[in-house]
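The values are calculated or read from the model by the stated rules, or taken from the named source; none is laboratory data. Remember, it's a predicted structure, so these values are computed and weren't measured experimentally. Side chains are part of the model used for accessible areas, which takes the heavy atoms of the whole protein and leaves out ligands, DNA and RNA. Shrake-Rupley method; radii C 1.70, N 1.55, O 1.52, S 1.80 Å.
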Amino acid sequence: MGSTVVYKPLSMIVPGERLARDLVDENGQVLLEAGESLDARHCRRLSVCGIETVAVEGADGHALETSRRASVERSLEHLFRHWRASPGMNHLRALLAHHRREESRQ
């Protein structure tokens, strides 16, 4: 499975994500090296330094699509957990799942 570079704002970093490239300041000094695992402390320090976006390692396109679909299913499972036996709600859930999958592709 290949790896890609994804540019993410600090506010969207999930603890444990790894830097895809060395992170340098405006003077060229390395703040964090590529491969470093990020945590909340790193994000706070980088924010204070004025850094808003970082390059992290991402999965290939197929893995991202699989992850997106799983996320949609988990979300809908939670939202509709009390209405599993209702045909009308199951139909609504299916429509929402289709809509969310289409929306995530755009």
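Key figures for this structure:
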read-out	value
Amide H within-cut-off set for LEU32, under 5 Å, with H built and near neighbours excluded	LEU23
MET12 accessible area, 1.4 Å probe, all protein chains in place, Å² to nearest 10	120
List VAL24, VAL72, ordered by accessible area with a 1.4 Å probe, largest first	VAL24, VAL72
Nearest-10 value in Å² for the accessible area of HIS99, using the 1.4 Å probe	100
